[in-house]
1. Return the only residue of Ala222, Ala159, Ala170, Ala185 being at pLDDT 90 or above, surrounded by 16 or more Cβ atoms within 10 Å (Cβ to Cβ), part of a helix (DSSP H, G or I) and small (Gly, Ala, Ser).
2. I'd like the full set of residues that are within 18 Å of Ile88 (Cβ to Cβ) and in contact with a Leu (Cβ under 8 Å, 6 or more places away or on another chain), limited to segment 191-214.
3. If you take the residues in segment 133-151 that are in a loop (DSSP other than H, G, I, E, B) and over 22 Å from Glu85 (Cα atoms), which one is least open to solvent (accessible area, probe 1.4 Å)?
4. Residues Leu94, Leu100: which one is out of contact with any Asp or Glu (no Cβ under 9 Å at 6 or more places or on another chain) and loosely packed, with under 13 Cβ neighbours inside 10 Å?
5. Could you give every pair whose Cβ atoms fall below 7 Å, whose first residue belongs to segment 154-174 and is over 14 Å from Ile216 (Cα atoms), and whose second residue is open to solvent by 30 Å² or more (accessible area, probe 1.4 Å) and part of a helix (DSSP H, G or I), counting only separations of at least 6 or pairs across chains?
6. Look through segment 225-242, keep the residues that are in contact with a Lys or Arg (Cβ under 7 Å, 6 or more places away or on another chain) and more than 11 Å from Ala140 (Cα to Cα), and return whichever of them is surrounded by the most Cβ atoms within 10 Å (Cβ to Cβ).
7. Condition check: aromatic (Phe, Trp, Tyr) and open to solvent by less than 40 Å² (accessible area, probe 1.4 Å). Does Phe211 satisfy that?
8. Could you say whether any residue in segment 80-89 is touching a helix residue (DSSP H, G or I) at 6+ places or on another chain (Cβ under 7 Å), surrounded by 16 or more Cβ atoms within 10 Å (Cβ to Cβ), outside any loop (DSSP other than H, G, I, E, B) and not hydrophobic (A, V, I, L, M, F, W, C)?
Amino acid sequence: MRYVEKRNIHRARAIHLTARNENDPRSQQTRVMPVSDTALEVQRISGPAKDKPMPGSADPSAAGTFKRAAKKVFSVLDRLAEYIEEGILGFTILFVAGMLIVHVIGRQLFSTGVTGQVELTQMSMVIITFAGLGYGVRKARHICMSALYDQLNGLPRKAALVTISILTGALMFYFCWHAWSYVEAIQSRGRTSSALQIPLWIPYMVAPIGFALAGIQYWLTAVRNLISKDIYRSFNEKERYEEVDVEHI
């Protein structure tokens with residue numbers, strides 16, 4: 001009933017204004033059109049018009065677009081580093097496992113094993129150790145001294161994590177530079193292994209590669225915390241702690 005009364009009032013007011021404008025010669029150029037029932041119905045359903053961005057106007061979420069683009073680029077870099085690390089680690093572990101199996105079978109059946117098995121195992125351990133640096137950082141399974149860090153919360157906690165990641169990444173690149181110098185020195189001297197005469201710079205070359213990948217992962221962690229609201233211990237791993245069941249302690 002209230003809606004019908006309001007519609008009748010609008011209709012009577014529109015008729016009154018139309019009649020007055022027709023009698024007034026000064027308002028011949030401006031006429032008030034009567035409000036139809038359809039227009040009133042549309043206005044009642046849709047409500048008052050709201051401001052909408054004009055087509056072609058500037059995007060108010062330009063900062064969000066930049067963050068998404070940066071995240072996509074760094075995700076590609078992280079995935080590329082992951083492929084390199086997993087490839088080196090996977091191949092080396094399979095090589096060591098296969099070599100040891102063949103060596104044991106040969107010793108048991110033919111009384112002879114793989115020549116240079118000790119040297120190959122030592123070189124493989126060097127490769128696994130340094131290639132696993134970046135992988136450990138990516139999975140947030142590296143050793144952390146967090147006695148002071150755990151006392152912080154909110155923005156100070158994130159700022160501390162960003163600072164630690166930047167400084168540790170810089171330290172990894174510093175070690176990478178020194179490892180590269182060491183590999184160059186070994187290569188220039190022509191040092192080889194005693195049994196298989198393998199140039200030692202080949203297995204040791206993984207040391208600068210591992211330090212560089214670890215430095216990249218630390219800096220990716222810093223970038224992820226700068227462009228995200230949550231706290232990340234690595235580029236893909238959020239900071240979380242497992243709940244301790246105090247009832248069984």
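The values are calculated or read from the model by the stated rules, or taken from the named source; none is laboratory data. None of these values were measured; they are calculated from a predicted model. We place every Cβ from the backbone using ideal geometry, glycine too, and count neighbours over all the protein chains shown. SASA here: full protein model, heavy atoms, side chains in, ligands and nucleic acids out. Shrake-Rupley method; radii C 1.70, N 1.55, O 1.52, S 1.80 Å.
1. From the options Ala222, Ala159, Ala170, Ala185, the qualifying one is Ala222.
2. The answer is Gly210, Phe211, Leu213, Ala214.
3. Of all residues in segment 133-151, those in a loop (DSSP other than H, G, I, E, B) come to 139-148.
Among the residues that remain, those that are also over 22 Å from Glu85 (Cα atoms) are: 145-148.
Working: Met145: 176, Ser146: 32, Ala147: 79, Leu148: 144 Å².
My answer is Ser146.
4. Within the list Leu94, Leu100, the selection yields Leu94.
5. none
6. Asn225
7. So Phe211 fits the description; yes.
8. Yes, there is a match, as at least one residue in segment 80-89 is touching a helix residue (DSSP H, G or I) at 6+ places or on another chain (Cβ under 7 Å), surrounded by 16 or more Cβ atoms within 10 Å (Cβ to Cβ), outside any loop (DSSP other than H, G, I, E, B) and not hydrophobic (A, V, I, L, M, F, W, C).
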